[in-house]
Amino acid sequence: MTKEKVHIAPGAVVEDGRLEEEVSLEILRTAASLEHFLAEQLKAYDLTMKQYNVLRILRGAGQNGLCRNEVRARMIAPVPDATRLIDRLITAGYVQKDQNPDDKRFIATRITKSGLDLLQSMDQPILEIHRSQIGHLSKADLNQLSTLLQETRKKI
């Protein structure tokens, strides 16, 4: 009995039953490549990927900010040392923590004007990076890829 061969990419042959494994590996390789390239570009801004992720999360949260655990939960790759990560951004002047006067247990983490200015200066260059990486795909392909990746994440 011969196994059916499944073609996943030009020149690549995957044994039947191994397609899910190969697709998973392709996703991991692609994610690693995208992250590595972006991380290299972020060095010019003296930021790590995790710091950039936190700043974007806090910008999206608006003036109310978020507690540390909410920030951690929204991260692309949550880290156990979110407090230290946020503290480094506070030291850099990009983030501030404020205690809620009505509930002293709640400490809101907010992005500062300096943090907003930094992100604004980065927006266009980062967009160009993303376009250089995946801009060759059509809008329909990008929407389909996004949907497929979201559906995959829901099962994890």
CD proxy, 222 nm, the chain: helix-only mean residue ellipticity via -39,500 (n - 2.57) per DSSP H run with n ≥ 4, per residue, nearest 500, stands at -19500 deg cm²/dmol
At a temperature of 37 °C and a viscosity of 0.692 mPa s, determine how fast the range 12-63 diffuses translationally according to Stokes-Einstein, using the Kirkwood radius over alpha-carbon pairs as Rh; express D in µm²/s, rounded to the nearest whole number.
244
Of GLY17, GLY135, GLY93, the most mobile residue in a GNM of the chain (C-alpha springs, cutoff 10 Å) is GLY17
Once you've got the GNM for the chain with C-alpha springs shorter than 10 Å, pick whichever of GLU21, GLU40, GLU128 has the biggest mean-square fluctuation.
GLU21
Taking the alpha-carbon centre of each part, the distance from the range 52-68 to the range 96-141 in Å is 7
Lysine pairs, Cα distance under 30 Å, 8 or more residues apart or cross-chain: how many in the chain?
16
Normalised by the residues of the range 16-129, what does the relative contact order come to in percent, with Cα pairs under 8 Å and at least six apart?
24
Using 0.36 nm per residue, how much length does the chain from ARG59 to ASP117 gain when fully extended, once their Cα-Cα distance is taken away?
19.8 nm
Here the FRET efficiency for ALA92 versus GLU15, based on Cβ atoms and R0 = 41 Å and rounded to 0.05, is 0.25
Counting DSSP beta bridges with both ends in the chain, the antiparallel % (nearest 5)
100
Per the 1/(1 + (r/R0)^6) rule, R0 = 22 Å and r from the Cβ atoms of GLU128 and LEU25, FRET efficiency to 0.05 is 0.20
Percent of alpha carbon pairs in the chain separated by more than 26 Å?
43
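None of the figures in this text is laboratory data; all of them are computed from the coordinates on show. These numbers come from a predicted model, not from an experiment. Counting neighbours? That spans all protein chains shown, and the Cβs are built from the backbone with ideal geometry, glycine included.
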